[in-house]
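Derivation of every value follows stated rules applied to the coordinates shown; laboratory data play no part. Bear in mind that the values here come from a model prediction, so they are computed numbers and not experimental data. Every residue, glycine among them, receives a Cβ derived from its backbone with ideal geometry; neighbour counts consider all protein chains shown.
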Amino acid sequence: MSLSIPSDPLSPACYPPPPPHPPLRARSYEETVAFSAYVNQAVGAAPQLAHRLPIAPATLVRACADGVVLCHLVNEAAAGSVPERLINRREPLSIFQATENCNHAIAAVRALGCPVVNIGARDITEEKTILLLALLWQIIKAKISSQVSLAACPRLRLLREPGESEAAFAALPVEQLLLRWFNHQLHWAGAARRLRNLDRDLADAECYAALLRRLGRGGGGARVLALERCRTPRRLAEHVINAAATDLGVAAVIHAAHITSGNARLNMAFIAQLVSAAAAAVTARWQC
């Protein structure tokens, strides 16, 4: 079954009315769920954290309050950011030791070039959810930037525009690089639509479906497309996530509800996972 998309990608008929952004509390809950899954994936193999993991969404803020998990996350994003000898581990930690851990983690995130504004160690030890989520996002974004880079994915150079220098291309914000990659895949998938953002344009999951048709190897992409006309965006998003797992081995931290609500942060994390998986698949084919 082919994609049923109007021929003019700029026509209003191509784009459904944008969904309202969820209120702050709902968005924070979405990110708490996804970030908990990310933490469990990223540092789940660390033996020093075996007694702390897995972390449930309801306990994420408390689990990060003494800074130990944060230090491990920063080191997972960029090895050696917080020297092991500086991490206070012996439990129970005093408030001074927890504050020291949090200060090390925040300083390391800043050293990676991430903007950390109005977030201090006290905000973490006092379990302020919004500020912790903001810090976690900066750590996750740093990891995304390392995954979606020319060093990690050399074939991204194919996305350079005519006349664009390599220096200018390398300086692109990661959001713009992901948009280029996604639209490049949509072009080769024969889709008429193009993304202009990583939130509302993805909320109906149709562009994801076209992307999975392009990337899928085991028929998952075709299964997604077969459901496009008879399923709601929520159901289509669920099948997109399942197809990513089946065809590309992507253990997505995003949920279908996060796609349909237009959560740009979580879409960015999911697309970065797809970029890495697609790059690994290409490398494996060349090595065969």
Practice item. Can you tell me how much longer the chain between GLU84 and LEU150 gets when fully stretched, taken as 0.36 nm per residue apart minus their C-alpha distance, in nm with one decimal? Key: 20.9 nm
Exercise for review: Any chance you could run the full-extension gain for SER28 through ALA45? It's 0.36 nm times the residue separation minus the Cα-Cα distance, nm to one decimal.
Suggested key: 3.5 nm
Check your understanding: Hey, if you put +1 on the Cβ of every Lys and Arg and -1 on every Asp and Glu Cβ in segment 43-202, which of GLN97, ALA134, LEU159 ends up farthest toward the positive end of that dipole?
Key -> LEU159
Revision key, fill the gap. Bounding extents of segment 103-161 in its principal axis frame from Cα atoms, largest first in Å, are 46, 19, 16
**Study point:** Spin-label model distance (nm) - ARG110 vs ALA171, 7 Å beyond Cα toward Cβ
**Key:** 2.5
Point to revise | 14 Å beta-carbon shell around SER145, net charge (K/R +1, D/E -1) | key: +1
Revision key, fill the gap. At q = 0.11 Å⁻¹, the log10 of I(q)/I(0) for segment 24-146 from a Debye sum over equal Cα scatterers comes to -0.31
Check your understanding: Short version: what are the Cα gyration tensor semi-axes of segment 148-287, square root of 5 times each eigenvalue, largest first, in whole Å?
Key -> 24, 17, 14
